[in-house]
Amino acid sequence: MHIMVLGAGVVGITTAWFLQKEGYQVTVVDRQNRAGLETSYANGGQISVSHAEPWANPSAPLKVMKWLFQPDAPLLFRPRLDPAQWRWALTFLGECTASKSAHNIRQMVNLGTYSRSQLQALRQELGLEYDHLEKGILHFYTNAEEFEGAIEPTRIMQDLGCDRQIIDAARAVDIEPALAPIRDRIAGATYTSEDESGDARKFTQALAERCQQAGVNFCYGAEVLGFDRAGDRVLGVQVLKEGRHQTLRADSYVLSLGSFSAILARQLGLTLNIYPAKGYSITVPVKNPEAAYQVSLTDDEYKLVYSRLGDRLRVAGTAELSGYTRTLNQTRCRAIVRRAAEIMPEAGDWDRAEFWTGLRPATPSNVPYIGRSHYGNLYLNTGHGTLGWTHSCGSAAALADIVSGRRPEVDFAFTGL
């Protein structure tokens, strides 16, 4: 069977890999000229099972109201005349109950744990190099109320098998000495030793090369415009390539086009509640190796993550619900630099920050769509939000099981099952 994967980000490329391992003929289609050049390009770099508390939680509505008119807020909602945005926002509010938040944590911990093990096995099998570190992830809190709010979600994660430990400031600085400048300001922390970090773009491009060596075909420079369909089957994909309209055909299709998945799905009468959560990152050279962090960090109050990528430091985060624009907001860029320099002034050359922004495909619950659609030959692997890198290998392995008629071994609310 010939399967066409739409999208060459980290989710699309891992999907292609696991499908070709099942013996399928696979073609990957993407509008860029190489894999990993959009949302996977400069993300936070964390493989973070411990980052499983969804944005939609009981404390979120008051925070969002407080942040509504704050231009550098961690989560910024800019209302637009866009029905999709308002549908997303209203559903988000509905997901903010304690019971729904606990349900969504379960989905993300289960998928994250499974995905991390799949990544580790894949790395060992292929010997992939992508500046990965296996030093865990440390969440630190400089606000006592934020720390108190993290305790119950942490306990839920522990019950699900995520080894996220609650620790004090002294232990946090022992684990990551780069936090010493703010030791007296740390209200508390958590540490998950099994979590990892690494460069998602390097991983995606390295795996794409292995896919090509294994026989996967790549159709780069092809922008997906729509579908040909008949009844409950997709007959082809309409693309624009080198200025010409073409129709590409396969037996089955996988939709992994990130934030653009929802727009294309609407052409098929499918409603995917995915909206772009515009995220930002900075990448800077290490300034003082003695002061630079090795353990990946999460600054929950400011919704920022820190990863060490060789001789570079990556700081990424925040979310802006403002449509599909990828224009850099300098206020938000500078806010990341300001906070990072405040926390670890000597770690990086903060004046040389390279700025980036990308559209993360967020669902209101933070739970992605993985599985069958209403069409007999169209599968979904999209909507991973801020955890696409974390969940990519597990999502891909599970989807390959579904395509092959097997029930995935991970306990997750798969679409269509």
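Being modelled with pLDDT under 95, crowded, with 18+ Cβ neighbours inside 10 Å and among the small types (Gly, Ala, Ser) is a description that does not apply to ALA42. Could you list all residues from segment 122-151 that are in contact (Cβ under 8 Å) with a residue 40 or more places away in the chain, open to solvent by less than 50 Å² (accessible area, probe 1.4 Å) and of a type in the set (A, V, I, L, M)? Matches in segment 122-151: LEU122, LEU126, LEU128, LEU133, ILE137, LEU138, ALA150.
Here PRO54 fulfils each of the conditions (1) open to solvent by 30 Å² or more (accessible area, probe 1.4 Å); (2) over 27 Å from ARG312 (Cβ atoms); (3) assigned to a loop (DSSP other than H, G, I, E, B); (4) touching a Lys or Arg at 6+ places or on another chain (Cβ under 9 Å) apart from (1).
Residues in segment 185-219 that are in contact (Cβ under 8 Å) with a residue 24 or more places away in the chain and part of a helix (DSSP H, G or I): ARG185, ALA200, ARG201, LYS202, PHE203, THR204, GLN205, ALA206, LEU207, ALA208, ARG210, CYS211. Just one residue in the set ILE182, ILE156, ILE151, ILE166 is out of contact with any strand residue (DSSP E or B) (no Cβ under 7 Å at 6 or more places or on another chain), aliphatic (A, V, I, L, M) and either part of a strand (DSSP E or B) or within 20 Å of GLY112 (Cβ to Cβ) (or both); that residue is ILE156. Pairs linking a residue in segment 352-379 that is closer than 30 Å to ARG334 by Cβ to a residue that is among the charged types (D, E, K, R) and open to solvent by 20 Å² or more (accessible area, probe 1.4 Å), with Cβ atoms under 6 Å and 6 or more positions apart or on different chains, are THR357/ARG326; PRO364/GLU95.
Looking at segment 119-138, can you tell me whether even one residue there is modelled with pLDDT of 95 or more, over 22 Å from MET65 (Cβ atoms), in contact with a helix residue (DSSP H, G or I) (Cβ under 9 Å, 6 or more places away or on another chain) and in a strand (DSSP E or B)? Within segment 119-138 (the criterion being modelled with pLDDT of 95 or more, over 22 Å from MET65 (Cβ atoms), in contact with a helix residue (DSSP H, G or I) (Cβ under 9 Å, 6 or more places away or on another chain) and in a strand (DSSP E or B)), the answer is yes, since at least one residue qualifies. Quick one: how many residues across segment 400-412 are under 18 Å from LEU255 (Cα atoms), out of contact with any Leu (no Cβ under 8 Å at 6 or more places or on another chain) and touching a residue at least 40 places away in the same chain (Cβ under 8 Å)? Residues that pass the stated criteria total 1.
Output the number of residues of segment 360-373 satisfying the condition of being touching a Lys or Arg at 6+ places or on another chain (Cβ under 8 Å) and either surrounded by fewer than 21 Cβ atoms within 10 Å (Cβ to Cβ) or not in a strand (DSSP E or B) (or both). Break it down into steps so the answer makes sense when it comes.
If we filter segment 360-373 for residues that are touching a Lys or Arg at 6+ places or on another chain (Cβ under 8 Å), which is where we start, we get 360, 365.
Retained after the next criterion (residues that are either surrounded by fewer than 21 Cβ atoms within 10 Å (Cβ to Cβ) or not in a strand (DSSP E or B) (or both)): 365.
Of the residues in segment 360-373, 1 are touching a Lys or Arg at 6+ places or on another chain (Cβ under 8 Å) and either surrounded by fewer than 21 Cβ atoms within 10 Å (Cβ to Cβ) or not in a strand (DSSP E or B) (or both).
Scanning segment 296-311 for residues that are touching a residue at least 60 places away in the same chain (Cβ under 8 Å), over 19 Å from VAL64 (Cα atoms), open to solvent by 10 Å² or more (accessible area, probe 1.4 Å) and touching a strand residue (DSSP E or B) at 6+ places or on another chain (Cβ under 7 Å) yields VAL305, ARG308. Within segment 278-291, the residues that satisfy the criterion of being surrounded by 20 or more Cβ atoms within 10 Å (Cβ to Cβ) and either assigned to a loop (DSSP other than H, G, I, E, B) or in contact with a helix residue (DSSP H, G or I) (Cβ under 6 Å, 6 or more places away or on another chain) (or both) are TYR280, ILE282, VAL284.
Return yes when LEU93 is in contact with a Pro (Cβ under 8 Å, 6 or more places away or on another chain) and either among the aromatic types (Phe, Trp, Tyr) or assigned to a helix (DSSP H, G or I) (or both) and no when it is not. Spelling it out, LEU93 is indeed in contact with a Pro (Cβ under 8 Å, 6 or more places away or on another chain) and either among the aromatic types (Phe, Trp, Tyr) or assigned to a helix (DSSP H, G or I) (or both). Just name the residue that is farthest from ALA398 (Cα to Cα) out of those in segment 1-39 that are more than 19 Å from the chain's Cα centre (by Cα) and open to solvent by less than 10 Å² (accessible area, probe 1.4 Å). Per the criteria, the residue is VAL29.
Only a single item in (1) outside any helix (DSSP H, G or I); (2) open to solvent by 10 Å² or more (accessible area, probe 1.4 Å); (3) among the β-branched types (Val, Ile, Thr) is not met by THR386, and it is number (1).
Quick one: in segment 346-355, of everything that is in contact with a helix residue (DSSP H, G or I) (Cβ under 9 Å, 6 or more places away or on another chain) and part of a strand (DSSP E or B), which residue is farthest from ARG326 (Cα to Cα)? Out of the qualifying residues, it is GLY348.
Given the criterion touching a residue at least 40 places away in the same chain (Cβ under 8 Å), over 29 Å from GLY198 (Cβ atoms) and of a type in the set (S, T, N, Q), identify the matching residue among THR91, THR97.
Criteria check complete, one pass: THR91.
Among all positions in segment 238-257, there is no residue which is within 30 Å of ARG339 (Cβ to Cβ), open to solvent by less than 10 Å² (accessible area, probe 1.4 Å), at pLDDT 95 or above and not aliphatic (A, V, I, L, M). If you go through segment 1-27 and keep only what is part of a strand (DSSP E or B) and more than 29 Å from ILE282 (Cα to Cα), you end up with HIS2, ILE3, MET4, VAL5, GLN25, VAL26, THR27. Go through segment 57-90 and give me each residue that's closer than 27 Å to PHE355 by Cα and in a loop (DSSP other than H, G, I, E, B). LEU68, PHE69, GLN70, PRO71, ASP72, ALA73, PRO74, ARG78, PRO79, ARG80, listed by residue number.
The values are calculated or read from the model by the stated rules, or taken from the named source; none is laboratory data. As the structure is a computational prediction, the values presented were derived from the model and not from experiment. Glycine gets a Cβ as well: all are built from the backbone with ideal geometry, and neighbour counts include every protein chain shown. Note: areas computed on protein heavy atoms with side chains; ligands, DNA, RNA excluded. Shrake-Rupley method; radii C 1.70, N 1.55, O 1.52, S 1.80 Å.
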